[in-house]
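Student: Okay, handing you the structure first.
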Amino acid sequence: MVMRGRYRVVSLLCLCQYVVSLQYNTQVPFHKKLIDNRMLCLKKQGERSPPLSQLMQQQDDPEWAALDCDLWLSRNEQGIQTSHYRFRYLSYPAMLQRMRALELLYPDMVRLYSAQDDFGLPSAGKCSEEEGVEKNQPCKVWVMEVGNMQARTEETPRLFFSGALHGDERIGPTALLELVSFLLGTYAVDPWARIMLDSRVLVLIPAANAVGYQESKRDELGVDPNRDFAFDTSSSRCMQSVAARSVNEVWRRNIFSLAVTFHGGDNLIAHPWGDTKHCPGYPGRCQAREGMLSSWISPDHTAMLILSKYASDFAGPLPTGRMEKFRFGPLNDPRVIYPVGGGMEDWAYGASWAPGGVNCLPS
Ligand SMILES: [Zn+2]
């Protein structure tokens, strides 16, 4: 792989079970606006949830008249349950349809391409591009660039988001497409969304492990994509999966300031270090031991910790009834999660400058 200089990237891992449930939290203005938008759309459609009807205070505000309610409501297949909105996980064809619809609706904001078409990468299997149709198309790793193309310059910061490196951890594609649907749908009326899309480029790979996502399997043809990055691994055991190679190519094309990757199965937001080099004494696993805490502290620990804490606070209590939030901290801290070799987060953060970077020469 080719490195373009040495630079550090804020790199966060988000493990989520509940990100598809947006809690109504009036203490967070952005939350309130997001939920109010949906409320207005539901009202337009003639639906109303009695437990939430009292929240519809801004329902007649003309500011929201321009909302793209079709997009809002298309994701509301399961309706409102208690105080949360529950979205159905998108299948591979539904994900692709949503991305194509967004590109059609917002041609000045969205560019969609695949790693196969743009980088000449192979496909790892057959996928279905339409619901209910047999799998007769090559599975492609789709990449979406989102942001105001007119306002973009060479200096516009680029942010990277990925989901479903593990194909059975299905929350990432839905979370990411809900995010960009929200930003695009409210761009015309929401100053915050406008700032985001005018001053950033969001580059998304919603389902990096396309064939795994189609089949709801963790690996890509027996390779774990999140052990396949050129950091803290051997030079012959990296970049074997189309998923990792796709991410790699996208990173060669862009200089990113921040990366967020979604996994599933737990509720935490973690950041480097997360490799097996920064946890001495326990090969493959770190333990919290007196005097060793600094071993998993990365040079940008404080910045990433602050961001993680903010994200955890912003998400608010999880809908478990126990008032717990997303826990956060370094990946190598056993109170948070565990280290791995070849993981994407440390590769993204440190492969261009830190010990652990690998000159990848897969066979
Ligand atoms: Zn995972």
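The values are calculated or read from the model by the stated rules, or taken from the named source; none is laboratory data. Worth saying up front: this structure is predicted, and the values here are computed from it rather than measured. Virtual Cβ from ideal backbone geometry, glycine too; neighbours counted across all protein chains shown.
Student: Pull up region 256-271, narrow it to residues that are within 16 Å of the ligand (Cβ to nearest atom) and in a loop (DSSP other than H, G, I, E, B), then point me to the one that is nearest to R170 (Cα to Cα).
Tutor: So, considering only residues that are within 16 Å of the ligand (Cβ to nearest atom) and in a loop (DSSP other than H, G, I, E, B), the one nearest to R170 (Cα to Cα) is G265.
Student: Exactly one of these conditions fails for Y89: (1) closer than 22 Å to G264 by Cβ; (2) modelled with pLDDT of 95 or more; (3) touching a helix residue (DSSP H, G or I) at 6+ places or on another chain (Cβ under 7 Å). Give me its number.
Tutor: Of the numbered conditions (1) closer than 22 Å to G264 by Cβ; (2) modelled with pLDDT of 95 or more; (3) touching a helix residue (DSSP H, G or I) at 6+ places or on another chain (Cβ under 7 Å), the odd one out for Y89 is (2).
Student: Considering (1) in contact with a Cys (Cβ under 8 Å, 6 or more places away or on another chain); (2) over 19 Å from E220 (Cα atoms), say which one G125 fails and leave the rest.
Tutor: So the condition that G125 fails would be (2).
Student: Still on this model: Which residues, counting only those in region 334-350, are surrounded by fewer than 24 Cβ atoms within 10 Å (Cβ to Cβ) and under 20 Å from the mean Cα position of the chain (by Cα)?
Tutor: Result: V336, I337, Y338, V340.
Student: Determine the pairs where a residue that is within 14 Å of the ligand (Cβ to nearest atom), located within region 160-177, has a partner that is hydroxyl-bearing (S, T, Y) and not in a loop (DSSP other than H, G, I, E, B) with Cβ atoms under 6 Å apart, the partner being 6 or more residues away or on another chain.
Tutor: Cβ pairs passing all conditions: S162/T261; A164/Y213; G167/Y213.
Student: Would you pick out the residues in region 188-239 that are under 20 Å from the mean Cα position of the chain (by Cα), part of a loop (DSSP other than H, G, I, E, B) and within 25 Å of Y89 (Cα to Cα)?
Tutor: Residues satisfying the conditions are P206, A207, A208, N209, S216, K217, R218, D219, D224.
Student: From D275, D232, which residue is buried (at least 23 other Cβ atoms within 10 Å of the Cβ), within 16 Å of the ligand (Cβ to nearest atom) and modelled with pLDDT under 95?
Tutor: The conditions single out D275.
Student: Checking R253 against (1) surrounded by fewer than 24 Cβ atoms within 10 Å (Cβ to Cβ); (2) modelled with pLDDT of 95 or more; (3) within 16 Å of the ligand (Cβ to nearest atom), which test does it fail?
Tutor: All conditions are met except number (3).
Student: Looking at region 165-174, is at least one residue within 12 Å of V203 (Cα to Cα) and in contact with a helix residue (DSSP H, G or I) (Cβ under 6 Å, 6 or more places away or on another chain)?
Tutor: No, region 165-174 has no match at all.
So that you can scan it fast, the table gives a plain yes or no per residue for (1) modelled with pLDDT of 90 or more; (2) among the small types (G, A, S):
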{"position": "L179", "(1), (2)": "no, no"}
{"position": "P206", "(1), (2)": "yes, no"}
{"position": "C238", "(1), (2)": "yes, no"}
{"position": "D266", "(1), (2)": "no, no"}
{"position": "G281", "(1), (2)": "no, yes"}
